[in-house]
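Note sheet for the following structure.
Rule-based calculations on the coordinates, nothing more; no lab input. Note that the structure is a prediction, hence the values are computed from the model and not measured. Counting neighbours? That spans all protein chains shown, and the Cβs are built from the backbone with ideal geometry, glycine included.
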Amino acid sequence: MPGPGGHGGPFGRYMTEEEKANQPKVTPALLKRIFSWLVPYLPQLILALGCIVLSSACSLMPSLLTGRIIDEGLIGRNMHALVFYIALSFGVTLGANLIGVAESYLNNWIAQHITFDMRNQMFRHLQQMSQRFFTTSNQGDIITRMTSDIDGVKSVITSTFSSILSNSITLILALVAMYRKNWILATIGVLVIPLFVLPTRKAGKTRWSLTREAQEANDEINGILNETMSVSGQLLVKLFCREEYEYSRYEAANRRMISLNIRESMAGRWFRVVMSTFSNIGPMLLYLVGGILIIKKGSSLSVGDITVLVALLGKMYMPVNSLLNIQVDWMRAMALFTRIFEYFDMPVEIRNASNAAVPGKSTGRVEFFHVSFSYDPEREILHNISFKLDAGRSIAIVGPSGSGKSTIINLIPRLYDADRGIVMFDGVDVKRLDLGYLRKNVGVVSQETYLFNGTIRDNLLYAAPDATEEEMLEACRKANILDFVEAQEKGLDTMVGNRGLKLSGGEKQRISIARVLLKDPALLIFDEATSALDSISEKKIQDAIDPLIASRTSILIAHRLSTILAADEIIVVKDGRIVEQGQHKDLVAAGGVYTELYNTQFAIKAEEETT
Ligand code: ATP
């Protein structure tokens, strides 16, 4: 089971306050849905159930046979009976264990297959979720759901479900056997059980809360390690001289955990003292009362019968304790399934239209008709945006930071859908276009270049898995990165490092341009990095994109004059509105937002470039 109360054994499991407050509603629909995951494995499930019943029954047999061994074998001095019952007891124990092996194999097999199905289905589902989901959800939550929550399902199946069944069967069989032997001793046995179980639960509770605290301390330690031991975290620590501060934070958390761990171990020690004392009381009482019945009352009970009763009593502690804890396990299991199903039920915001259009050869033509958009309902980011980009032409979008430039281009490959208005690609509303077709024909080089840890080749092949060596080198040449690649000892097989950190910003950008070129999209969108690159890097990127813009339909989010001048037309965006549109010289002369941007940013950058 997940969560701090997950440890089982005699300590028991307890719900946190939060869990108590958020207990899931166990409805027939929920149970039916859980069961639907089990349905494909029904034959294996029935077999597993059979094994559980059989092994529970077999595990009680040796206790019953002990009576025969004592009465018929030892007291009756019958060698034949002695050997027979010992052999039978041995055989039954072996049988119970062998069935137990088959049972755990089946349990594990079923659990693994169900979690396999769940993980795959969840991964597929999450892949369909929109950018909105990934930008708003906590990444840790997504990973927890995919890993620990689904792993939790595994233990629900292998332990919770099977433990309910096997413990109930053992308990019922043991009770029946005890009452058949002698009702007085059986009742004493039943009354003694709470004496043992209740202190166990008390000790368990103390220990459980300590474990929880220790786990919180451990989470804190992990948090500090995550923050400070990452590349960017360390950079921050070093540059702000926070080494001592971080050390003292770490030391304090570490110290807290040590003291909690010591207290936790000692709570366990006291518990064992209590347990061994109480577990002795039950058998002694049975011997005492049994003795009185035989000696004083002339009962027909045999020594073997009393031994059987004591042995059966011993077999009852564990199932009683487990079943008392099962309610917590059950609730947690239901909460787990509810959480997982909530994820499955999250609506897919951007999905392929039924009868989606695939227009054939794409030209990359884009049109926006009165488009408005907001990330959050309270704040509209784009207001009534309309513009047109004909095939083969290029547009530069300029505007102050945060004005909505990246948001405009996000709407073209449907990373988000417009709230109002229509975005058209190749003359068709993007919502009606086949998503695969759309995204294949729109290539984006974003501001934040994402290269994954691997070689340059791996990163290029991500765009076109079938690309040949020549095609890759040609793309590198067009992206103006070929010189760099060839200068590397390993060429295309050079490792780029974690997120491409072994490369400079400019190199990363050019590799990502090469990657997009391999995809060969009809529309190329280039979101120019705002972070300053050195002028040589900028020149190299500029030299790479100039011919690309000339040869295909393109949109450039531009921060530098040279990029702006390379485009056929300029759109000026401010506060989510298109405020000006036209050619550079007309816009400079107009004395509006563009003129201001030109005077404050572009002209300065252009000057820097020339010097
Ligand atoms: P820059 O030139 O700095 O890249 P931009 O013009 O491209 O800026 P956008 O990234 O489009 O601006 O952002 C426009 C507005 O939308 C900003 O105010 C930003 O805070 C907001 N915004 C951007 N992305 C999100 C998001 N995922 N969720 C909520 N708000 C967002």
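When the range 134-237 is described by a simple charge dipole with +1 on each Lys and Arg Cβ and -1 on each Asp and Glu Cβ, the residue from VAL176, ASN226, THR144 located farthest towards its positive end is VAL176. Length available on full extension from THR600 to GLN581: 0.36 nm per residue minus the Cα-Cα distance, which gives 5.0 nm.
Once the Cα atoms are used to define both axes, helix 303-344 deviates from the longest principal axis of the chain by about 20 degrees. Taking every C-alpha pair closer than 8 Å and separated by at least 6 residues, the mean separation divided by the residue count of the range 424-513 gives a relative contact order of 38 percent. DSSP beta bridges confined to the range 432-581 are antiparallel in about 35 percent of cases. Counting only alpha carbon atoms, the long axis of helix 183-228 and the longest principal axis of the chain meet at about 20°.
Between ASP568 and ASP117, what FRET efficiency follows from the Cβ-Cβ distance if R0 is 51 Å, with the result rounded to 0.05? E(calc), rounded to 0.05, equals 0.45. Which of LYS405/LYS574; LYS154/LYS205; LYS405/LYS440; LYS20/LYS205; LYS508/LYS540 have a Cα-Cα distance over 19 Å? Violating the 19 Å limit, Cα to Cα: LYS154/LYS205; LYS405/LYS440.
All other residues whose Cβ lies under 13 angstrom from that of VAL348 are scored, Lys and Arg at +1 and Asp and Glu at -1, for a net of +1. Candidate cross-link partners of LYS585 among the aspartates and glutamates, defined by an alpha-carbon separation under 13 Å and a same-chain spacing of 8 or more, comprise ASP568, GLU569. Relative contact order of the chain: 14 percent, from C-alpha pairs under 8 Å at least 6 residues apart in sequence. Sites listed here are GluC sites (Glu not before Pro) in the range 321-423 whose DSSP assignment is loop and whose Cβ has at most 11 other Cβ atoms within 10 Å: GLU378. Taking amide H as placed 1.01 Å from N in the peptide plane, LEU433 has its amide H under 5 Å from the amide H of ALA357, each at least 5 places away in sequence or on another chain. Working from Cα positions, state the angle (0 to 90°, nearest 10) between the long axis of helix 42-68 and the longest principal axis of the chain. Between the helix axis and the principal axis of the chain, the angle is about 30 degrees.
For the range 504-519, 3J(HN,Hα) computed residue by residue from phi via the Karplus equation (6.51, -1.76, 1.60; θ = phi - 60°) reads 6, x, x, 5, 4, 4, 6, 5, 6, 5, 4, 5, 5, 5, 5, 6 Hz, glycine and proline entered as x. Residue order for GLU469, GLU213, fewest other beta carbons within 10 angstrom first, comes to GLU469, GLU213.
Among bridges DSSP assigns within the chain, what percent are antiparallel (round to 5)? Let's see the in-between values first.
Working: 19 of 37 bridges.
In the chain, approximately 50 percent of DSSP beta bridges are antiparallel ones.
Gap in Å between the Cα centre of the range 425-466 and the Cα centre of the range 136-156? Each part reduced to its Cα centre gives a spacing of 29 Å. Rounded to the nearest 500, the helix-only mean residue ellipticity at 222 nm of the chain stands at -20500 deg cm²/dmol, with each DSSP H run of n ≥ 4 adding -39,500 (n - 2.57).
Derived scalar couplings between HN and Hα for the range 95-101 equal x, 4, 5, 5, 5, x, 5 Hz in order, rounded to whole Hz, by the Karplus curve 6.51 cos²θ - 1.76 cosθ + 1.60 (θ = phi - 60°), x for Gly and Pro.
For the range 51-130, averaging the sequence separation of C-alpha pairs within contact (under 8 Å, six or more residues apart) and dividing by the residue count gives a relative contact order of 37 percent.
The simple spin-label model puts a point 7 Å past each Cα toward its Cβ; for VAL101 and GLU470 those points are separated by 6.1 nm. The Cβ shell under 12 Å around VAL588 holds other residues with a net charge of -2, Lys and Arg each +1, Asp and Glu each -1.
Taking amide H atoms as placed 1.01 Å from N in the peptide plane, the amide H of VAL573 lies under 5 Å from those of VAL398, GLY399, VAL579, each 5 or more residues away in sequence or on another chain.
Quick one: net charge of ASP527's neighbours, Cβ under 10 Å, K/R +1, D/E -1? Surrounding charge for ASP527 is -1.
Cβ-to-Cβ counts within 10 Å put CYS58, CYS51 in ascending order as CYS58, CYS51, the fewest first.
For the chain, the ratio of Cα radius of gyration to the globular rule of thumb 2.2 N^0.38 Å stands at 1.43. Relative protection proxy for 173-185, 563-575, from highest mean packing down: 563-575, 173-185 (other beta-carbon atoms within 10 angstrom). Residue exposure proxy: GLU244, GLU216, GLU507, ordered by other Cβ atoms within 10 angstrom of their Cβ from fewest to most, comes out as GLU244, GLU216, GLU507.
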